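Peer 1: Got a structure here, written out as structure tokens. Questions coming.
Coordinate-derived values only; no laboratory data. Remember, predicted model here, so these are calculated numbers, not experimental data. Counting neighbours? That spans all protein chains shown, and the Cβs are built from the backbone with ideal geometry, glycine included.
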Amino acid sequence: MSQSLSSLVDFVLVRPQFAGNTGVAARALKNAGFKKMILVKPYFSKTDPELKFAVGAKDLVQKAKVYEDLSEALSSYSYVIGTSRRKGAYRKNVLSLFELPSLLEKKAEFGKVAILFGTEADGLSNEEIALCQHLVYIPAHSKFESFNLGQAVLLVAYELFRSKLKLPKQKKSIYPTVKELEGMYDHLTQMLFEIGFIRKSLPDHMPRILRNIFNRAALTAVEVRIIRGICRQVLWYKKKVKSEE
């Protein structure tokens with residue numbers, strides 16, 4: 001694996017329940033040449049004895065940044081890929097693990113990439129999935145599709161390791177960070193509530209559809225600022241009209 005891939009991609013474990021699984025995941029990352037693990041709301045501390053399963057990769061766990069909020073953990077990333085075996089009406093842009101390397105080749109220009117892995121019990125929640133631009137599933141037998149956290153991290157990391165990606169030279173990204181995108185989505189949602197486009201009985205339906213649309217559009221940072229400018233103008237005008245009534 002090239003040095004550029006290990007500096008491009010970080011692995012994010014969301015609400016991991018068992019220190020042993022996280023230790024196994026750390027060892028898998030080191031086997032594949034990756035250098036960074038992030039923990040979001042882990043159920044254990046870094047002194048948990050079960051981290052012994054990291055063996056020679058315990059330093060990855062000790063150096064891992066720990067966050068209480070996923071949005072904060074992802075704020076500086078430009079592209080987020082979630083792992084999930086479940087599919088549904090709101091879960092769009094879904095690829096097989098074997099398609100992940102070619103996706104990264106295309107998206108490397110976006111900037112730093114985070115790959116998310118959900119909790120052992122039930123994976124990523126719908127709210128966590130909403131922060132992802134793409135989802136990846138690991139093909140498995142139809143009667144037993146779910147993988148242990150350590151297994152899932154190993155399979156994804158190894159697939160990237162063996163792919164020998166040829167990534168373009170890193171340039172200054174023209175694409176927004178997760179923090180900028182989330183600001184736009186919040187602004188859009190506020191505006192659409194104000195003009196009555198979003199029904200109070202279905203507050204999450206339209207925002208999820210809009211996320212899927214904009215994820216496919218691959219907005220630039222400038223385009224995000226333009227959309228927010230439109231939102232501000234609409235909100236200003238509505239407030240002006242209301243004050244004149």
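Peer 1: Taking the chain as the reference, fit the longest principal axis to its C-alpha atoms, fit the long axis of helix 221-244 to the helix C-alpha atoms, and give the angle between the two in degrees, 0 to 90, nearest 10.
Peer 2: Tilt relative to the chain: about 40 degrees.
Peer 1: Report the gain in length on full extension from LEU167 to GLU244: 0.36 nm times residue separation, minus Cα-Cα distance, nm rounded to one decimal.
Peer 2: Using 0.36 nm per residue and subtracting the Cα-Cα distance, I get 22.1 nm.
Peer 1: Run through the stretch 185-228 and list the trypsin sites (Lys or Arg not before Pro) located in a DSSP loop whose Cβ has at most 14 other Cβ atoms within 10 Å.
Peer 2: Hits after loop and neighbour filter: ARG199, LYS200.
Peer 1: Taking amide H positions as placed 1.01 Å from N in the peptide plane, with prolines and chain starts having none, which residues 5 or more places from ILE38, or on another chain, fall under 5 Å of its amide H?
Peer 2: Amide H to amide H, under 5 Å and 5 or more residues apart or across chains, ILE38 pairs with PHE11, VAL12, LEU13.
Peer 1: If I build a Gaussian network model for the chain, linking alpha-carbon pairs within less than 10 angstrom, which residue out of ALA221, ALA19, ALA73 has the largest mean-square fluctuation?
Peer 2: ALA221
Peer 1: Could you calculate the contour length gain from VAL66 to ARG216, that is, 0.36 nm times the residue separation minus the distance between their Cα atoms, to one decimal place in nm?
Peer 2: 51.0 nm
Peer 1: Find the Cα radius of gyration of the stretch 178-244, compare it with 2.2 N^0.38 Å by division, and give the number to two decimals.
Peer 2: 1.16
Peer 1: For the chain, what does the helix formula give at 222 nm: sum of -39500 (n - 2.57) over DSSP H segments with n ≥ 4, over the residue count, nearest 500 deg cm²/dmol?
Peer 2: Rounded to the nearest 500, it is -14000 deg cm²/dmol.
Peer 1: Let me ask something else. Between GLN17 and ALA121, 0.36 nm times their residue separation minus their Cα-Cα distance comes to what?
Peer 2: Here the segment from GLN17 to ALA121 would lengthen by 36.6 nm.
Peer 1: List the chymotrypsin sites (Phe, Trp or Tyr not before Pro) within the stretch 33-87 that fall in a DSSP loop (any state other than H, G, I, E or B) and whose Cβ has at most 15 other Cβ atoms within 10 Å.
Peer 2: In loop regions of the stretch 33-87 (DSSP not H, G, I, E or B), the sparsely surrounded chymotrypsin sites (Phe, Trp or Tyr not before Pro) are TYR43.
Peer 1: So, in nm, how far is label SER7 from label LYS200 when the simple model puts each one 7 Å beyond its Cα toward the Cβ?
Peer 2: 5.3
Peer 1: In nm, give the distance between the simple-model label positions of ASP48 and ILE230, each being 7 Å from the Cα along the Cα-to-Cβ direction.
Peer 2: 4.5
Peer 1: Per Stokes-Einstein, at 4 °C and 1.567 mPa s, what whole-number D in µm² s⁻¹ belongs to the chain, with the Kirkwood radius over Cα pairs as the hydrodynamic radius?
Peer 2: It diffuses with D of about 67 µm²/s by this estimate.
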